[in-house]
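A short reminder: the numbers here are calculations on the coordinates, not readings from a lab. Quantities reported herein were computed from a predicted structural model and do not represent experimental measurements. Cβ atoms come from the backbone with ideal geometry, glycine included; neighbour counts cover every protein chain shown.
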């Protein structure tokens, strides 16, 4: 097995990314050309590796940690889950929501949009707080 593919699969397991999500990530990175990481070119494999390293808990992928904006996005998602506004508290669920907001682009591909996503999630929480206050 290619060393890059082995690294992708290892990071996929560490980050707890299911096969369907993995295939979607490969499709995104390859711009729809393939759903198999074995068919990615080396540059695309490195992009996928970087993405999975960022998603790995405790950053076991060797990176210095998530950027503060991504930590904020995931933290806000966790708060939304605690308020019962989203069903699943996971990075994967948050990433899926963000991809819809970003019109198919991943968080890794859209660093310039992170602030917008943070504001959307904050507004969502604020609306929920106002609704709870009105219900009391």
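Given C-alpha coordinates of segment 68-135, what is the ratio Rg to Rh with the Kirkwood estimate of Rh? Rg/Rh: 0.98.
Using alpha-carbon positions, what is the distance between the centroids of segment 25-59 and segment 68-82, in Å? Each part's Cα centre sits 23 Å from the other's. Here the calculated FRET efficiency for residue 125 and residue 92, from their Cβ-Cβ distance with R0 = 22 Å, stands at 0.60, rounded to the nearest 0.05. In the chain, the longest principal axis of the Cα atoms and the axis of helix 91-101 are about 80 degrees apart. In the chain, the calculated helix contribution to ellipticity at 222 nm averages -20000 deg cm²/dmol per residue, counting -39,500 (n - 2.57) for every DSSP H run with n ≥ 4. Relative to the dominant Cα principal axis of the chain, helix 42-55 is inclined by about 40°.
Helix 68-82 versus the longest principal axis of the chain: what is the Cα-based angle in degrees, 0 to 90, to the nearest 10? Long axis of 68-82 versus the principal axis of the chain: about 60 degrees.
Taking label points 7 Å from Cα along the Cα-to-Cβ direction, residue 100 and residue 31 give a separation of 2.7 nm.
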